[in-house]
Amino acid sequence: MKAPLLDAGIANMFQVDENMISIAENLPTGFRLNNGNTVYGPLLIVNNEAFALKIPPPKPDANGKVVNPMFILDPKALEVFDVVTPKPELIIVGSGTRICPLSPVAMKYLTSIGIKVELSST
């Protein structure tokens with residue numbers, strides 16, 4: 001079932017529609033949704049549908065330093081936003097226990113298609 005489009009105006013964002021998918025709990029390796037399903041790894045919720053994103057886990061670089069995959073994210077991983085309608089105005093990127101910037105090319109891609117980015121620890 002698709003989420004209904006809202007008419008112009010304001011709505012209470014804390015009034016939850018039980019039929020809308022939302023995150024019920026952050027887990028160490030994913031998310032538990034309000035419908036009882038668990039998604040491991042990165043998650044995208046669009047138009048009341050949940051998708052697991054294929055983003056590689058953190059791994060050490062040549063010097064042994066662990067690199068957060070968000071910093072080296074290939075914009076191709078975000079091309080889903082080319083076909084999503086309506087296109088979100090904002091995406092919130094959770095990067096684990098510490099805020100990690102998106103790769104410069106991924107950030108440039110998102111802003112070029114009109115999407116603002118908020119970085120957050122999860």
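The values are calculated or read from the model by the stated rules, or taken from the named source; none is laboratory data. The structure presented is a predicted model; accordingly, all values stated were derived computationally and were not measured. So basically every Cβ, Gly included, is an ideal-geometry build from the backbone, and we count neighbours across all protein chains shown. All accessible areas refer to the heavy atoms of the entire protein, side chains included, with ligands and DNA or RNA removed. Shrake-Rupley method; radii C 1.70, N 1.55, O 1.52, S 1.80 Å.
Quick notes
- Only residues that are of a type in the set (A, V, I, L, M, F, W, C) and either surrounded by 14 or more Cβ atoms within 10 Å (Cβ to Cβ) or touching a His at 6+ places or on another chain (Cβ under 6 Å) (or both) were counted in the range 41-54, giving 5.
- Of the criteria (1) free of Cβ contacts under 8 Å to residues at least 24 places away in the same chain; (2) surrounded by 10 or more Cβ atoms within 10 Å (Cβ to Cβ), which one ILE113 fails: (1)
- Residues of the range 104-122 satisfying the condition of being part of a loop (DSSP other than H, G, I, E, B), modelled with pLDDT of 80 or more and under 23 Å from ASN26 (Cβ atoms): ILE115
- Output for the range 59-84, where each listed residue is at pLDDT 80 or above and open to solvent by 100 Å² or more (accessible area, probe 1.4 Å): ALA62, ASN63, LYS65, LYS76, VAL83
- When ILE55, ILE72 are checked against the criterion of being within 14 Å of the chain's Cα centre (by Cα) and aliphatic (A, V, I, L, M), a single residue qualifies: ILE55.
- Candidates THR29, THR38, THR97, filtered to the one that is polar (S, T, N, Q), open to solvent by 40 Å² or more (accessible area, probe 1.4 Å), out of contact with any helix residue (DSSP H, G or I) (no Cβ under 6 Å at 6 or more places or on another chain) and without any contact (Cβ under 8 Å) to a residue 12 or more places away in the chain: THR38
- The set of residues in the range 73-95 that are in a loop (DSSP other than H, G, I, E, B) and among the basic types (Lys, Arg) contains only LYS87.
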